[in-house]
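In what follows, a structure is listed as structure tokens, so that the remarks can point back to it.
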Amino acid sequence: MSLLLCIETSCDDTSAAVVDTGGAGGLDGAGGLDGAGGPESAGGPHGAGAALIRSSIVSSQHESHAAFGGVVPEVASRRHTELLVGTVAAALADAGVAWDDLEGVAVTTGPGLIGALLVGLAAAKAIAYARRLPLTAVDHLQAHLAASYALGVTAPFVCLTASGGHTLLAVVERGVEFRVAGRTLDDAAGEAFDKGARLLGLPYPGGRELDLLAARGEPSFVAFPRSLPQGLDFSFSGLKTALLYYLREHQTEAATEALRASVAASYQEAIVDQLVGKTVRCAEQEGLRRVAVGGGVAANSRLRRRLTAACRERGLEVFIPPVALCTDNAAMVGLAARHLEPIAWPQYLGLDAYAAEPALRALRVRR
Ligand code: KG4
Ligand code: ZN
């Protein structure tokens, strides 16, 4: 048994978790993670090598940002400072773990909102330093793709990682080491959901609201454009513009609730078509039989259903983590930390956070 205290503050969720990185186990140990099991989240064999999630607490800041219609970075940083101490205490209490039981601390160091990241990093350093513990620095994208390790996936596998800030096809080669096979050329998929939701007059945070509205609509109601970039890259900005024009031209029609639901369902379908199509193609091109998803967009009910069906049709094994492990959470930070080298006490004191993904930055420069 090796208990890690994990902290995640990259955006607008203040989260802490206790993860056992030494034991074997699976979803049985995923305390408090709603949505585990069921046909859509049932991926493959549970347990094999998956870390034990002893607790996972997410203190959402949605109420603080709702009035602004989106995340305000400065507000996020301030709320993290207010919520973090209580969130960490709750994670320890929920796990039934004392400070003395901890053998390390893990924290997200980027990419994300720099002020928000620094709050989590400062807290993690302070705790680790005071208790003479090692610290593991975790990349947010690596954390999202590590979520599927709770379901027992084994590398190599393809992981569609889609959140508010990123959309990419990661070929996970070993642990949390990955290669980018495709990425968005403009907006992230989560951004497409959020901007679409805003155009449809839905409250923030929009992705989940659009998912709920779309569930009552007809996905083939509007034929939104399907013209896509070549290869495995994604593009969502044209789709958002198409929705804007559609709503302008059909103002009265879109105003009725049933039709709005069908417009939402059609828009969602265009996003999901792209995500599912390219993910499956990536697995086929790479000759990989295992497919996983991670990131907030992986909470989308239509994506979960369609990806499950598409993978099953082709005999691919699919690993879709419970919703609570897809949206930002600290448990996935612990799942990633299992595959990373901890930094010994007290060498991490100079460690910094980063706002942009270094690997993606390099990729952009090369093109
Ligand atoms: O991973 P995440 O929690 O934070 C980031 O790293 O960005 O992802 C947040 C994104 C937001 O854009 C949110 O609207 C989207 O995930 N999202 C959803 C759903 N739940 C969250 N998008 C579509 N359907 C959902 N059910
Ligand atoms: Zn995220």
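The values are calculated or read from the model by the stated rules, or taken from the named source; none is laboratory data. The structure displayed is predicted, hence computed values, not measured ones. Backbone-built Cβ (ideal geometry, glycine too); neighbour counts: all protein chains shown. Please note that ligands, DNA and RNA were not included when accessible areas were found on the heavy atoms of the full protein model with its side chains. Shrake-Rupley method; radii C 1.70, N 1.55, O 1.52, S 1.80 Å.
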| query | Measuring from label point to label point, each 7 Å out along Cα→Cβ, what is the Ala242 to Arg305 span in nm? | reply | 2.1 nm
| request: Determine the per residue accessible area of the range 87-136 with all protein chains present and a 1.4 angstrom probe, expressed in square angstrom. | output: 37 Å²
| request: Could I have the simple spin-label model distance between Arg314 and Arg226, label points 7 Å from Cα toward Cβ, reported in nm to one decimal? | output: 1.6 nm
| message | I'd like the carbon and sulfur percentage of the solvent accessible area for the chain, probe radius 1.4 Å, heavy atoms only, ligands and nucleic acids excluded. | response | 53 percent
| Taking the Cα centre of the chain as origin and charging only Cβ (+1 Lys, Arg; -1 Asp, Glu), how large is the dipole, in debye to the nearest 20? | 780 debye
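Relative contact order (percent) for the range 235-363, with alpha-carbon contacts under 8 angstrom and 6 or more residues of separation?
Once divided by the residue count of the range 235-363, the mean separation gives 18 percent.
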| When the helix-only estimate is applied to the chain (DSSP H runs of n ≥ 4, each -39,500 (n - 2.57), divided by the residue count), what is the mean residue ellipticity at 222 nm, nearest 500 deg cm²/dmol? | -13000 deg cm²/dmol
| Among residues other than Asp328 whose Cβ falls under 11 Å from its Cβ, what is the net charge (Lys/Arg +1, Asp/Glu -1)? | -3
| query | How high is the relative contact order of the chain, in percent, counting Cα pairs under 8 Å that sit 6 or more residues apart? | reply | 25 percent
| query | Given labels modelled 7 Å from the Cα in the Cβ direction, how far is it in nm from Ser235 to His250? | reply | 2.3 nm
| task | List the residues whose amide H sits under 5 Å from the amide H of Gly110, counting only those 5 or more places along or on another chain, with H placed 1.01 Å from N in the peptide plane. | result | His140, Tyr354
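How many Å³ per residue does the convex hull of the Cα positions in the range 155-323 occupy?
In the range 155-323, the Cα convex hull volume per residue is 101 Å³.
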| note | A chain fully extended from Ile114 to Arg174 at 0.36 nm per residue, minus the present Cα-Cα distance, gains in nm 18.8 nm
| query | Hey, what's the Kirkwood Rh for the range 147-236 if you take every pair of different alpha carbons, in angstrom? | reply | 14.9 Å
| request: Bin all alpha-carbon pair distances of the chain at 10 Å intervals from 0 and give each bin's fraction as a whole percent. | output: 6, 26, 33, 25, 9, 2, 0
| What helices in the chain pass both tests, a Cα length along the helix axis of 27 Å or more and a mean Kyte hydropathy of -0.5 or higher, using whole DSSP H runs? | 73-95, 257-286
